[in-house]
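Since the structure comes first, as structure tokens, the remarks are kept for the end.
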Amino acid sequence: MGSNAPARLTVLSGPSGVGKGTVVAEVRRRHPDVWVSVSATTRRPRPGEVHGTHYHFVDDAEFDRLIATDGLLEWAEYAGNRYGTPVAPVRERLAAGAPALLEIELQGARQVRARAPEAQLVFLAPPSWTELQSRLAGRGSEPAAVQEARLRIAQAELDAAGEFDVVVVNDDVARAADELVGLLTAPSPGLVPGE
Ligand SMILES: Nc1ncnc2c1ncn2[C@@H]1O[C@H](COP(=O)(O)OP(=O)(O)OP(=O)(O)O)[C@@H](O)[C@H]1O
Ligand SMILES: Nc1nc2c(ncn2[C@@H]2O[C@H](COP(=O)(O)O)[C@@H](O)[C@H]2O)c(=O)[nH]1
């Protein structure tokens, strides 16, 4: 990615199980300097998830405090838990002229669009509905009822794909990662949110 990369806020969104985390991990494997925001969440950690790396795992009181102190660029309730982007690291990153990537759901993407219109919004789409179902089930990280809740939300998220600047189909992780790298390095005006 290199130090000449433009400062741009990019949001990657898309339904649960489409492969956002997988594609971002592939981008970071190739370009370890790509900076990805670490969200706060009230969700409990999955096996293997590390506090401060995958998420800042917080309780409801701490999440309330983050909201009350304007500590979040955006936040949303999703399938019974709250998720939000700590604003300070994103601001610092963009102010230093370095790009930032957020991996968030639809409500949060809409908030970023309202607050930082220059941000680039990328929607990661599944090749088909049945493939999305099978990826979510195959991951096996949620019980069936939670998978069903996530798939109900996914229908509405797929309907909103037209709100995004670019749609990337995750038919193949390497190909989708190529496309995302291209978008992350494309020139843009750059923006410091909230200023
Ligand atoms: N292109 C692909 N082809 C086949 N399987 C894939 C592909 N991309 C991701 N997967 C698999 O799909 C499952 C879901 O991927 P992942 O956890 O990255 O999704 P996600 O969009 O980040 O989900 P969530 O929003 O719930 O965190 C994983 O088991 C992953 O290995
Ligand atoms: N609005 C936000 N959504 C976020 C954030 N961090 C993650 N997410 C999204 O939540 C769902 C569920 O995530 P999971 O880890 O429980 O599978 C998924 O779409 C994430 O992209 C955030 O800070 N804000």
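Can you tell me which residue among Ala88, Ala156, Ala149 is hydrophobic (A, V, I, L, M, F, W, C), over 23 Å from Glu26 (Cα atoms), surrounded by fewer than 21 Cβ atoms within 10 Å (Cβ to Cβ) and without any contact (Cβ under 8 Å) to a residue 40 or more places away in the chain?
Values: Ala156 fails: without any contact (Cβ under 8 Å) to a residue 40 or more places away in the chain; Ala149 fails: without any contact (Cβ under 8 Å) to a residue 40 or more places away in the chain.
Of the residues listed, the single one that is hydrophobic (A, V, I, L, M, F, W, C), over 23 Å from Glu26 (Cα atoms), surrounded by fewer than 21 Cβ atoms within 10 Å (Cβ to Cβ) and without any contact (Cβ under 8 Å) to a residue 40 or more places away in the chain is Ala88.
Across the stretch 88-144, the number of residues qualifying as under 14 Å from the mean Cα position of the chain (by Cα), outside any loop (DSSP other than H, G, I, E, B) and more than 14 Å from ligand 1 (Cβ to nearest atom) comes to 8.
For Phe123, state whether it is of a type in the set (Phe, Trp, Tyr), buried (at least 17 other Cβ atoms within 10 Å of the Cβ) and closer than 22 Å to His31 by Cα. Spelling it out, Phe123 is indeed of a type in the set (Phe, Trp, Tyr), buried (at least 17 other Cβ atoms within 10 Å of the Cβ) and closer than 22 Å to His31 by Cα. Of all residues in the stretch 68-80, those being assigned to a strand (DSSP E or B) and open to solvent by 40 Å² or more (accessible area, probe 1.4 Å) number 2.
Restricting to the stretch 132-155, name every residue that is of a type in the set (Gly, Ala, Ser), more than 13 Å from ligand 2 (Cβ to nearest atom) and under 12 Å from Val18 (Cβ atoms). Before you say what the answer is, go through the steps one by one.
Residues of the stretch 132-155 that are of a type in the set (Gly, Ala, Ser), as a first pass: 134, 137-138, 140-141, 144-145, 149, 154.
Narrowing further to those that are more than 13 Å from ligand 2 (Cβ to nearest atom): 134, 137-138, 144-145.
Within the stretch 132-155, Ser134 is the sole residue that qualifies.
Determine whether the stretch 107-116 contains at least one residue that is away from ligand 2 (no atom under 15 Å from the Cβ) and either touching a residue at least 40 places away in the same chain (Cβ under 8 Å) or open to solvent by 40 Å² or more (accessible area, probe 1.4 Å) (or both). Within the stretch 107-116, not a single residue is away from ligand 2 (no atom under 15 Å from the Cβ) and either touching a residue at least 40 places away in the same chain (Cβ under 8 Å) or open to solvent by 40 Å² or more (accessible area, probe 1.4 Å) (or both).
The values are calculated or read from the model by the stated rules, or taken from the named source; none is laboratory data. The shown structure was predicted, so the numbers you read here are calculated from the model rather than taken from an experiment. Glycine gets a Cβ as well: all are built from the backbone with ideal geometry, and neighbour counts include every protein chain shown. Side chains included, ligands, DNA and RNA excluded: accessible areas come from the protein's heavy atoms. Shrake-Rupley method; radii C 1.70, N 1.55, O 1.52, S 1.80 Å.
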